[in-house]
Structures are given as structure tokens and as C-alpha cells.
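S.K.: Just dropping this structure here.
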Amino acid sequence: MKQVKNVAQLREAVAGLSAQVALVPTMGNLHQGHLTLVRRAREIARHVVVSIFVNPLQFDKEQDLQAYPRTEEQDLELLRAEGVDLVFTPSSETIYPGSMQSQTRVEVPAISHIFCGASRPGHFVGVTTIVCKLLNMVQPQSAVFGKKDFQQLLIIRKMVQDLAMPVKILGVDTVREADGLAMSSRNNYLDSRQRQIAPALYSALQAVADSLRQGDRRYSTLEQNAIELMARAGMKPDYFAIRRAADLGEPEENERNLVILGAAYVGMARLIDNLEVDL
Ligand code: PAF
């Protein structure tokens, strides 16, 4: 496995890869969820490139950026064991030379400003900007993202479609702990008491999915019940919503492809999760 840190080295290394390349963009602190993305990438392409970059542009709070876990040595070991071809570990200066504030940004309007975008202003502009840059730098045939960040995945798909970027975007199912908690680097922030509370988010999603499957279409009542369930479990709910899976629009009563999205604080950790429901 080769590690490169700047764009010239990256381009040279990618040019040396003979065939299909899949990119897995990450912010490091890798867990089984990331490794599942890597394995999916391996299934669809001959070569796998992984980027590790804690992107300052997508953090709305400096404190959150500083606290984000950085475990590069351990990450490289895991990627080596997965047979990854190339790892790109740029510095902030490589990605945003000069002042980050003066950099060109990529914005997908509307769906970037609801849910996680409303709670974290500027977050998705940071995500689309870095993903666009990484896709331009690596020029892979495909790129793989987790469905845990469902809103992020839709926004990236829309960016790629709107900007006619020649890359296939693949979404991979969320990997969960035995009690249903979606794997996330942010789970590291939970102490043992908070860790016991955390699966309540997934339980709320499942309860709402069950009600929908039983024919209950009182969307706002179901959302409110879920918020109360999370609050009773000891979480501080941020949002909980039932939306059209295709574009996060408000669903009609007969909508068949729904997604239930939720976010809640447990201590300092902000957890997000979702469930797609096809009726
Ligand atoms: O999902 C993430 O880890 C990040 O948002 C991404 C896509 C790597 C961009 O920094």
C-alpha cells in the first residue's frame, strides 16, 4: 500500500494504476463501517484509493474540529490489511492552500440547509466542496459513501448529477453494533451510561418504521412520538422526520419510498441515523 500526501504524488500514483479505480473518502478514525465501504469498493473496482482528511471546512465549531479523533497509524494498518492500493493523507494546506475562507465552494442548495444542514450551518457546503475536490484530484470511476449519512449521500449524488461529474456514486448500508447503534467515530465520545442510552435513536426509527408498515400515515404524530421516546430515554432530540427517500421532500400520504431520519445529542455526541422504508 502506497501513502501519498500531495496532489502531484497522488496524480502520479493514480496514473500508475492500470484500470478501474474506486475512491472511499474518509475522515479517518476508521471502524467496521468504513472497512465495509472499502470492501464494497474492492468488489466494484480493480483498485481502491482511500483518502483520510479531517476537513475543517465542514465543521461549524472549532471545538468539534479539534476534538475529532485522529488515529492515522491505526487507520493505515487497517487499510493495509484490507489490501488498499493507495492512501491519500493530505494536510489542510495541501487541500486549501492560502486562506480557506477565500477558496471556491460548491453548494447544493435546498437540501443542504435542512436537518443536519440547519443544525450545522455551512456543514454541507464543506462536504460538497471537499468531495468535489477529492473527485477531481483522484478522478475515480466510482466513489463509495455510507448510507448512515443519508442526507450527505443525496447531496453528493445531486452535486455529481448537476455538475455532470463522470463518476458513479455508491451508497452502502449502515453497519450497526449488536444493539442497533450505528457505527460512528462520534460513538467514541460516549461514556458507559451514555452508550446505554444511544441505541434509543435506532429504536425510535424502528418503532416508526413498524407503524408505517402497519399503515399508519399520521407522519407528524409518529415524529412527535419518536421525539418523546428519545427524550424519555435521556437524549436531547435534534430532529426526527419522515420524508421522501428520493429528495427529502414532504411525503404524500400514499408515498411508497420513505426515509426516517433522526438526530439527537447524548452528552457531547451528536448522533444521526436513518431507516429507509419501502411500502
Ligand atoms: O462522511 C464523511 O466522513 C465526510 O463527510 C466525507 C465524505 C469524508 C467528507 O469529508
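The values are calculated or read from the model by the stated rules, or taken from the named source; none is laboratory data. Quick caveat: nothing in here was measured; it's all calculated off a predicted structure. Neighbour counts run over all protein chains shown; Cβ positions are idealised from the backbone, glycine included. The protein model used for the area step is the full one, side chains on, heavy atoms only, and it has no ligands, DNA or RNA in it. Shrake-Rupley method; radii C 1.70, N 1.55, O 1.52, S 1.80 Å.
S.K.: Hey, which aspartates and glutamates would be in cross-link range of LYS158, C-alpha to C-alpha under 12 Å, not counting anything within fewer than 8 residues on its own chain?
M.R.: Leaving aside aspartates and glutamates fewer than 8 places away in the same chain, those within reach of LYS158 are GLU107, ASP247.
S.K.: Here's a follow-up. For the chain, find the longest principal axis of its Cα atoms and tell me its angle to the long axis of helix 150-162, 0 to 90°, nearest 10.
M.R.: It works out to around 50 degrees.
S.K.: Give the accessible surface of the range 7-137 per residue, rounded to a whole number of Å², with probe radius 1.4 Å and ligands, DNA and RNA excluded. Mind dumping the intermediate values first?
M.R.: Working: 5740 Å² over 131 residues.
On a per-residue basis, 44 Å².
S.K.: Using Cα-Cα distances under 8 Å and only pairs 6 or more residues apart, what relative contact order does the range 30-162 have, in percent?
M.R.: On the way: 120 pairs, mean separation 42.1, N = 133.
Across the range 30-162, relative contact order equals 32 percent.
S.K.: Want the number for TYR239 to ASP173: 0.36 nm per residue separation, take away the alpha-carbon distance, what's left?
M.R.: Values: separation 66, 0.36 × 66 = 23.76 nm, distance 2.14 nm.
Working it through step by step, the gained length comes to 21.6 nm.
S.K.: For helix 200-213, report the angle its Cα long axis makes with the longest principal axis of the Cα atoms of the chain; keep it between 0 and 90° and round to the nearest 10°.
M.R.: 70 degrees
S.K.: Exceeding 25 Å between C-alpha atoms, which entries from my cross-link table qualify? They are LYS5/LYS148; LYS2/LYS148; LYS2/LYS133; LYS148/LYS236; LYS147/LYS168; LYS61/LYS148. Display every interim value, and only then the final one.
M.R.: Numbers: LYS5/LYS148 28 Å; LYS2/LYS148 29 Å; LYS2/LYS133 20 Å; LYS148/LYS236 19 Å; LYS147/LYS168 15 Å; LYS61/LYS148 21 Å.
Cα-Cα > 25 Å for LYS5/LYS148; LYS2/LYS148; rest within.
S.K.: Under unit Cβ charges (Lys, Arg +1; Asp, Glu -1), what dipole magnitude, rounded to 20 debye, does the chain have relative to its Cα centre? Mind showing how you got there, number by number?
M.R.: Values: 31 positive and 32 negative charges, 74 e Å.
Using Cβ point charges on Lys, Arg, Asp and Glu, the chain gives about 360 debye.
S.K.: Under the definition of Cα pairs under 8 Å and six or more residues apart, what whole-number percent is the relative contact order of the chain? Mind showing how you got there, number by number?
M.R.: Details: 480 pairs, mean separation 47.6, N = 279.
The value is 17 percent.
S.K.: Now, a different point. Apply the a/c threshold of 1.5 to the C-alpha gyration tensor of the range 125-279 and tell me whether it is rounded, prolate or oblate.
M.R.: Values: a/c = 2.34, a/b = 1.34, b/c = 1.75.
Cα axes put the range 125-279 in the oblate bin.
S.K.: If you don't mind, another one. Multiply the residue separation of ARG218 and GLN66 by 0.36 nm, subtract the distance between their alpha-carbon atoms, and state the gained length in nm to one decimal. Display every interim value, and only then the final one.
M.R.: Details: separation 152, 0.36 × 152 = 54.72 nm, distance 4.16 nm.
Residue separation times 0.36 nm, minus the Cα-Cα distance, leaves 50.6 nm.
S.K.: Relative to the longest principal axis of the C-alpha atoms of the chain, give the angle of the C-alpha long axis of helix 219-233, reported between 0 and 90° and rounded to the nearest 10°.
M.R.: Once rounded, the angle reads 80 degrees.
S.K.: Turning to a different aspect of this structure: What is the sum of charges, Lys and Arg at +1 and Asp and Glu at -1, for the other residues whose Cβ falls under 12 Å from the Cβ of ASN29? Could you put the intermediate results ahead of the total?
M.R.: Values: positive: ARG70, ARG186; negative: GLU72, GLU73, ASP75.
Counting the neighbours of ASN29, the net charge comes to -1.
S.K.: Now, a different point. Count the net charge of all other residues whose Cβ sits under 10 Å from the Cβ of ARG176, scoring Lys and Arg as +1 and Asp and Glu as -1. Working shown, then result.
M.R.: Details: positive: LYS148; negative: ASP173, GLU177, ASP179, ASP273.
Here the count lands on -3.
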